Each structure stands twice: as C-alpha cells, then as structure tokens.
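K.L.:
Next up is a structure, given as structure tokens.
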Amino acid sequence: MQKNLLIKIVFFLFFVIPANSEIIKGTAVVVDGDTLKINNKKIRLHGIDAPEMKQLCQRTFLSIFIFSFNKNYKCGEISKKKLQGYTKNYNISCKVEGIDRYNRILGTCYKNKININSRMVRLGYAVAYRKYSKKYLSAEREAKREELGLWKGTFDMPWDWRKNVKK
C-alpha cells in the first residue's frame, strides 16, 4: 500500500505539476534584445528572436521622387536599447517555460502584467521565433502591417543572419 502511494506521489510531482511553474523576479540587466539577467540567471525570452548585436539592417533615410536612399543601422543595438528602456528601474518577473539546448532558461517575462516578449515583437524590435512558438505571430503581423521597428526597412531574420555569418 505504501509503495502505491509513493508511486502516485512521484507521478503527480513529475507529470501533473508543471516543471515550468518557477518564477524569477528582480531588476533586469539586459544582455541583448531577447535576453535578460535577473539575480545572475540568464533568461532567454521564449518565442521571440531579436537581431544580433552585430547585425545590420537597412532603412530609408531619404526619398526623392522615385528614388530612395537606404542606410545601414545597428538593429541589434537598437533592439537592446528598447528592451533596456522598457525594463529599466522596474521589478520584472519571468515565468520559466523550460531550458533550451544551450542550457539557457526560457521565460515569458512581465513588467507589471504586460508581456515583455509580446511587446518587443508588437513594437517591431523582435520577431516571432516561429520554429519554437506560434504565440507571437499575430503581434508580428501587426508590427509588419504598421511598419514598426525593423519593419520600417529591410532585414534578415535573426536566425538567417546567424546562419549566414557562420559560413
């Protein structure tokens, strides 16, 4: 009888209680446009991908009649600055969603009750990381339709940029 109870408890702990129920709270230090550090724990924002720090994007800086002149800009740095501005001096809480293949914590982070992951995509400073989640596709469509952030110009998707840099 004791053995059956123990088996039921173990089953409950491993399969019924979600492993991702941990919450990490504190002041965030921004690493880049999709990564925070809270209490020395590095948290990759789940379901989104932001341009890399060395990544360049293009936007129009001058249009004359039918001619447009584009310039490169450091979109990875802009993404990081937007996340810094949004999280600075706030208590951020992140719900742990799992661990990725690089052993980083994946989290959905909030400023008060506002989903930071969603906000970064909705304002066009990150994109939906559709390989791992479909959650932010509608936010990405809205940003693209309204030509916000990255969508004001042209850019490589961060995963394509990383792949091409390694070649």
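K.L.:
Around residue 132, what is the net charge, scoring Lys/Arg as +1 and Asp/Glu as -1 over all other residues with Cβ under 13 Å from its Cβ?
P.N.:
Neighbourhood net charge equals +3.
K.L.:
What chymotrypsin sites (Phe, Trp or Tyr not before Pro) does segment 24-79 have in DSSP loop regions with at most 13 other beta carbons within 10 Å? Let's see the in-between values first.
P.N.:
Values: sites: 61, 65, 67, 69, 73; in loops: 65.
For chymotrypsin sites (Phe, Trp or Tyr not before Pro) across segment 24-79 that sit outside H, G, I, E and B with at most 13 neighbouring Cβ atoms in 10 Å, the list reads 65.
K.L.:
Tell me the net charge near residue 39. Cut-off is 13 Å between Cβ atoms, residue 39 excluded, with +1 for each Lys or Arg and -1 for each Asp or Glu. Let's see the in-between values first.
P.N.:
Values: positive: 25, 37, 41, 42; negative: 22.
Computed value for this residue: +3.
K.L.:
May I pose another question? Quick check: net charge around residue 118, other residues with Cβ under 14 Å of its Cβ, Lys/Arg +1 and Asp/Glu -1?
P.N.:
+4
Read the figures in this text as sums done on the coordinates, not as results from a lab. The structure displayed is predicted, hence computed values, not measured ones. Because the Cβ atoms are built from the backbone with ideal geometry, glycine has one as well, and the counts that use them run over all protein chains shown.
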